[in-house]
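Everything on this sheet refers to the single structure shown next.
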Amino acid sequence: MSVTKSRNLPLVSVIMPTWNGRTFIASAISSLQDQDHEALEILVVDDGSTDDTRAIVRGIAATDARIILIEQRRGGIAAARNLGLARASGDLIGFLDHDDLCPGGKIARQVRRLSDKPEAVAVFGRTILFGSSAIISAEEAAAAGKPVLTMVLASALFRRRVFDAIGQLDPQFKLADDFDFILRLVESGLTLTLEEDVAALHRRHERQATHDFSATRSDMMRALSASLKRRRAAGMVGPLRHPLVEAGRP
């Protein structure tokens, strides 16, 4: 494996799960290739695609050693993310879905933020939600909406020890594994830090799994129910209070 390193920068591993992602995956990877943090590896985990996603990734990887293609049988997005975690070499972990985009400067900025906040196990930024089935640039996507604080994994950068402390993504949640993970992170009491900058460009389109709002809502309610049970068992009384939650409330 060859990963560009310079000036003793910490290695960042970005995990990109994909299933039949041929339409957008080249754009998603390009938005990571354009980042100015040099110590970077991009782990694309193919979850049993039946289209030419793997061929597209192999073609890009042939000219960029930072890109690593990992293949698994169809197991779902949480399993794909967990496999990426198992193969990641970096002490800092990021995520990006195959249909989303990473805004310019995001990784270097969040690396600096964690360097300045050694007590924090993760930094979260703002997310712009944009609706487009077309291939557009990160700059065009950034101009398409208003920054909001959401529980989107791509808006964060994590220290690897977070996953040792609270566990990986839970495969029982098919559409809300990220929501469940962030609830567990908030419940843990571990220190997080927030930034006002845009850290994720999250695409909304008809072909994504979460476009099934009923199924997504049902999975999120299951995650919330599990969170309530954990908090009651731990003797936590009242609403969940944490800077990440409070900042997201109107």
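The values are calculated or read from the model by the stated rules, or taken from the named source; none is laboratory data. Since the structure is predicted, the reported quantities are computational estimates derived from the model, not experimental observations. Here the Cβ is made from the backbone with ideal geometry for all residues, glycine too, and neighbour counts use every protein chain on show.
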Original post:
Any residue in the stretch 1-17 that is of a type in the set (D, E, K, R), modelled with pLDDT under 95, surrounded by fewer than 17 Cβ atoms within 10 Å (Cβ to Cβ) and assigned to a loop (DSSP other than H, G, I, E, B)?
Top reply: yes
**OP:** Examine the stretch 23-32 for a residue that is surrounded by fewer than 18 Cβ atoms within 10 Å (Cβ to Cβ) and part of a loop (DSSP other than H, G, I, E, B), and state whether such a residue exists.
**Re:** yes
**OP:** Show the residue pairs that are 6+ apart or on different chains and have beta-carbon atoms under 9 Å apart, the first residue being within the stretch 179-196 and among the small types (Gly, Ala, Ser), the second being modelled with pLDDT of 95 or more.
**Re:** Ser188/Val121; Ser188/Val162; Ser188/Ala165; Ser188/Ile166
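Specify which of the listed residues (Lys146, Lys174) is in contact with a helix residue (DSSP H, G or I) (Cβ under 7 Å, 6 or more places away or on another chain) and either surrounded by fewer than 21 Cβ atoms within 10 Å (Cβ to Cβ) or assigned to a helix (DSSP H, G or I) (or both).
Details: Lys146 fails: in contact with a helix residue (DSSP H, G or I) (Cβ under 7 Å, 6 or more places away or on another chain).
When all the criteria are applied, what remains is Lys174.
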**OP:** Under 8 Å between Cβ atoms, at least 6 apart or on separate chains: pull out the pairs that start in the stretch 223-250 with a residue that is farther than 22 Å from Val152 by Cβ and modelled with pLDDT of 70 or more and end on any residue that is among the acidic types (Asp, Glu) and surrounded by fewer than 10 Cβ atoms within 10 Å (Cβ to Cβ).
**Re:** none
**OP:** Hey, can you tell me all the residues within the stretch 131-144 that are over 18 Å from Leu32 (Cα atoms) and either within 19 Å of the chain's Cα centre (by Cα) or of a type in the set (S, T, N, Q) (or both)?
**Re:** Gly131, Ser132, Ser133
Original post:
Does Ala79 satisfy being small (Gly, Ala, Ser) and assigned to a helix (DSSP H, G or I)?
Top reply: yes
**OP:** Run Ala154 past the list (1) exposed (fewer than 15 other Cβ atoms within 10 Å of the Cβ); (2) under 16 Å from Arg203 (Cα atoms); (3) within 16 Å of the chain's Cα centre (by Cα) and report the number of the one that doesn't hold.
**Re:** (1)
Subject >> Leu185, sole failed condition from (1) surrounded by fewer than 22 Cβ atoms within 10 Å (Cβ to Cβ); (2) in a helix (DSSP H, G or I); (3) among the aliphatic types (A, V, I, L, M) >> reply: (1)
Original post:
Assuming Thr216 fulfils every condition listed in (1) outside any strand (DSSP E or B); (2) touching a strand residue (DSSP E or B) at 6+ places or on another chain (Cβ under 8 Å); (3) of a type in the set (S, T, N, Q) apart from one, which condition is it?
Top reply: (2)
Original post:
Here are some conditions: (1) in a strand (DSSP E or B); (2) over 17 Å from the mean Cα position of the chain (by Cα). Arg112 meets all but one. Which one does it not meet?
Top reply: (1)
Original post:
Listed residues Ala134, Ala154, Ala141, Ala165; which is modelled with pLDDT under 90 and not in a loop (DSSP other than H, G, I, E, B)?
Top reply: Ala141
